Amino acid sequence: MNKRTNFGRRFLGAILIFAALGLSNLNTAQAQHRQASAIESSTATTASNTSFDHIRQIKAGVLDVGYVEAGPADGEPVILLHGWPYDIYSYKEVSDILAAKGFRVLIPYLRGYGTTRFLSAATPRNGQQSVVAVDIIAFMDALKIKKAVVGGFDWGARTADIMAALWPERVKGLVSVSGYLIGSQQANKAPLPPKAELLWWYQFYFATERGRAGYAANTRDFNKLIWQLASPTWHFSDSTYNQSATAFDNPDHVQIVIDNYRWRLGLTKGEAKYDELEKKLATGPAITIPSVTLEGDANGAPHPDPAAYAAKFKGKYAHHTITGGIGHNLPQEAPQAFADAIIEVNNFAK
């Protein structure tokens, strides 16, 4: 074997060793990257899960508000508002998506739900439309949030609409399921066609003392029925419902719900200090900030046609009907679509 041959073999051997070392290092780097990604994913998942395990409390206005927060503390603030008979868990998956995008997501229990409590026993357990919006403005003040994207459905959508109409300087953008829901006692005096009135059966039930007693005695069963009727194609599990149903154990829940629906029919007057706000709302004020409205294609609850309210939105505006059998609890049934709407309206506002 000549020297040239020996040199060639040694050279080839060295190449193979370096290649093996390189492959080993590459495999090690890839493994480290996968491990880091898994840790990062696990940390994000843990943080997301624990955000709903830890209910925060803050004194705001007449309430001690229970709420959850997800995402970075310095992120763009987003406030998400639930309706009746739902709670903060309507936004669990939405908050995961938005927190991963860098938003600071805040989801309060409305008055009469969850861990939110009145600071004084003397405060009227009032459920009129304007007072819930006043609560959320006070919540923002307590957290020193000057402006936020606000989204909601059902009572939460009405509250977000009112905030956008009366305090546009506090709302960067609006996402409202079922669009423009601001009403008035005067407007509610007008009777609806029979089929429309039928959809409001529970409002008339709550107008009676039998209804109050029935709701108090059967709150969880009653609200489960509403979930089924309002989202007829959403096959939620008992565990999903029970997770939210604990929010109805609030000691003021029944009174707030009954008062809300009786106020709509003019059976209760509300508090005099909110009369001026209600007068403004009775004019049907336009919403001038960037807005996105959503509707599910299988919403079984009373809701207006999108064409009926489009003209109320005077700023940059978009509407999306979400298909696939999506009912009334749109954020929980179609979380990606709701999160996309928040991102869309935030971009509108830039």
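Things to note:
- FRET efficiency, 1/(1 + (r/R0)^6) with R0 22 Å, evaluated for His320 and Leu225 via beta carbons: 0.20
- Amide proton proximity set for Val175, modelled H, under 5 Å, gap of 5+: Val150, Gly151, Gly152, Val292
- If you take all other residues with their beta carbon under 14 Å from the beta carbon of Arg104, and give Lys and Arg +1 and Asp and Glu -1, the sum is +2.
- Phi to ³J(HN,Hα) by Karplus 6.51 cos²θ - 1.76 cosθ + 1.60 over the range 238-253, Hz, x for Gly, Pro: 4, 5, 5, 5, 5, 4, 7, 5, 4, 5, 7, 7, 3, x, 9, 4
- Neighbour net charge for Trp227 - beta-carbon separation under 12 angstrom, K R +1, D E -1: -3
- Once C-alpha pairs closer than 8 Å and six or more residues apart are averaged by separation and normalised to the residue number of the range 55-348, the relative contact order reads 24 percent.
- Electrostatic tally near Gly270: other residues with Cβ closer than 13 Å to its Cβ, Lys and Arg +1, Asp and Glu -1, net +1.
- Taking every DSSP bridge with both residues inside the chain, close to 30 percent are antiparallel.
- Of all beta bridges that DSSP places with both ends in the range 53-120, some 75 percent have antiparallel geometry.
- Placed amide H near His319: partners under 5 Å, 5+ positions off or other chain: Thr293
- Compared with the alpha-carbon gap, the fully stretched path from Lys189 to Thr283 is longer by 32.3 nm at 0.36 nm per residue.
- Considering only Asp340, Asp249, Asp305, the Gaussian network model of the chain with Cα springs below 10 Å gives its largest mean-square fluctuation to Asp305.
- Relative packing of peptides 133-141, 260-268, 183-191 - highest average C-beta neighbours within 10 Å first: 133-141, 260-268, 183-191
- Within the range 161-205, backbone nitrogen closer than 18 Å to the virtual label 7 Å beyond the Cα of Ala307 toward Cβ: 178-180
- Phi-based couplings in Hz for the range 289-304 (Karplus 6.51, -1.76, 1.60; Gly and Pro marked x): 7, x, 9, 10, 10, 10, 8, x, 7, 10, 6, x, 8, x, 7, x
- Whole-angstrom gap from the range 166-181 to the range 303-331, using each part's C-alpha centre: 13
- Global form of the range 55-348, assessed from the alpha-carbon gyration tensor, a/c cut-off 1.5: rounded
- Cβ-to-Cβ counts within 10 Å put His235, His320, His328 in ascending order as His235, His320, His328, the fewest first.
Since every read-out is calculated from the coordinates, none of them should be taken as a lab result. Since we're looking at a predicted model, the values are computed, not measured. Neighbour counts are summed over all protein chains in view; Cβ atoms, including those assigned to glycine, are modelled from backbone coordinates with ideal geometry.
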